[in-house]
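Read-outs throughout are calculated quantities, based only on the coordinates presented, and are distinct from any laboratory measurement. Model, not experiment: these values are computed from the prediction. Backbone-built Cβ (ideal geometry, glycine too); neighbour counts: all protein chains shown.
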Amino acid sequence: MENFRNYYDILGVPREATFSDIKQAYRKLARQYHPDLNPGDQDAEDQFKLLSEAYTVLSDDEKRAQYEKFSEYWQQEGFKKGQGKSGVGDIFSGRISLEDFGFGEFPDFNAFVDQLLNRRPSSRRSASDDAESSVSPTYGATAGRRDAEADLTIPLEKAFRGGRERIRLEDGRSLEVNMPAGMVTGQRIRLRGQGIGGGNLYLRIQVDPHPFYTLQGNDVYCRVPITPSEAALGSTIDIPTLDGPVRTTLPHGAQTGQIIQLPGRGYLVGQERRGDQIVELEVVVPTGLSDREKALYEELRQTERFRPRADLLT
C-alpha cells in the first residue's frame, strides 16, 4: 500500500496524544502553513492540506480508531494482494478480518482515506479553497423513485454565512443550492425532487476544521497573540471574528491565558441569536530585535521594579 501517511508525525504528536494535544498542535501548524500567510507557496499549501486531513481523522474518535486499526496491519505480508471485493466498512464492522480483506481495489493509501472521509478521490480541499464543492451520492435500495444522500464539505466561514453554493454530483448533475446559515457537521439538508426518479436528495454537512477558530457549542473560541507592551500598558486591537475585525480594548497588565468575551459574536443559535466569541490572550515575546529596540528593552530592564520571582527566592 503506497503513500501511507503517519498523521501523528504530520501533527508532531505522540500516538497517545489527547484531543486537546491534537487540537493545539493542529492550530499551531495550521497558522504557520495557512495559504493566506504563504501566498504563492505551493509547498505550504500542500502541507496545510495534509494538516487538515490529519486533524479531521485524529480529532474524530471513530475515524481515529479506524485509521489506527488500518495502520496496524498496512505493512504486513500480503497486504497489497487483492483477495476479493469486500468493502472497508466490512473490516471495521467485524464481518471480516483485516488480514483477509482484499485491498486490490485500493491502488494506494489515498483511496482508503477517500472512503474513510466519504469524499471523492479528487476532491481534497482545505478551508481556504473557493473551488466548487463536490459531493458523492449514496442511493436507497428500492427501485423507481428513490432518495439519495451526498456528503458536502464546506469551510467554516461558508457554513456560518450560508448562501448560494454550487455542488456537483457523481451522476454528472450540477446544482445551485441556497444553503442555510449556521450549518454544523452532521446536519442533513433536504433537496426535494433532486434524488433518483423524483426522490429527495439529502446533503450531509461536514464543516472543515479551521486553523484559527474552534467551535465550542455555539461559542467560537480563538487564541490571539499580543505584544509585551500591549499587555503591560493596555491597548486597542482588532480581533478577527466571523463577521470581520472587531476593535477591542485590552486591560492594563493583560496576561497569557486571560479571557476576553465578545458577546453575540459566536455561532448561530437558531435564526435569531448567537453564542459568544471567547478570546484567549497570548503574550508573545518578539525575536529579531533592532538595535533601537534592544536599547529600549535594556533601559526598561534597568528601571523596572517588577520582580516576578521574588517569592521564589525568599
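A few points about this structure:
- FRET efficiency for Ala65 and Thr248, using Cβ-Cβ distance with R0 set to 35 Å, rounded to 0.05: 0.30
- Net charge of the neighbourhood of Thr227, taken over other residues with C-beta under 12 Å away and scored Lys/Arg +1, Asp/Glu -1, is -3.
- In the range 11-64, the trypsin sites (Lys or Arg not before Pro) that fall in loop regions by DSSP, at most 12 other Cβ within 10 Å: Arg15
- Applying a DSSP loop filter and a limit of 15 other Cβ atoms within 10 Å to the GluC sites (Glu not before Pro) in the range 226-280 leaves Glu272.
- Long-range HN-HN contacts of Val246 with modeled amide H, under 5 Å: Ile239, Thr241
- Low-density loop cleavage sites - chymotrypsin sites (Phe, Trp or Tyr not before Pro) in the range 142-223, where at most 13 other Cβ are within 10 Å (DSSP): none
- Out of every Cα-Cα pair that the range 222-272 contains, those further apart than 18 angstrom amount to 35 percent.
- Sequence-ordered 3J(HN,Hα) estimates for the range 37-54 from the Karplus curve with 6.51, -1.76 and 1.60 and θ = phi - 60° stand at 9, 9, x, x, 9, 5, 4, 5, 5, 5, 5, 4, 5, 5, 4, 5, 5, 4 Hz, glycine and proline given as x.
- Annotation: amide H of Val283 within the under-5 Å range of Ile226, Thr256, Gly257, sequence separation 5 or more or interchain, hydrogens built in the peptide plane.
- For the range 214-303, the equivalent ellipsoid built from the Cα gyration tensor has semi-axes of 33, 11, 10 Å, listed from largest to smallest.
- Amide H contacts under 5 Å for Asp208, placed H, 5+ residues apart: Ile154, Leu156
- Residue-wise HN-Hα coupling along the range 191-207, computed from phi with Karplus coefficients 6.51, -1.76, 1.60 (Hz; x: Gly, Pro): 10, 5, x, 9, x, 8, x, x, x, 8, 10, 10, 8, 8, 8, 10, 8
- Extension gain, Arg161 to Asp238, is 25.6 nm, computed as 0.36 nm per intervening residue step minus the present C-alpha separation.
- Remark: the range 160-167, residue by residue, has Karplus-estimated 3J(HN,Hα) of 5, 7, x, x, 6, 9, 9, 10 Hz, where x stands for each Gly or Pro and the curve is 6.51 cos²θ - 1.76 cosθ + 1.60 at θ = phi - 60°.
- Label point distance in nm, Arg145-Asp46, each placed 7 Å from Cα along Cα→Cβ: 5.0
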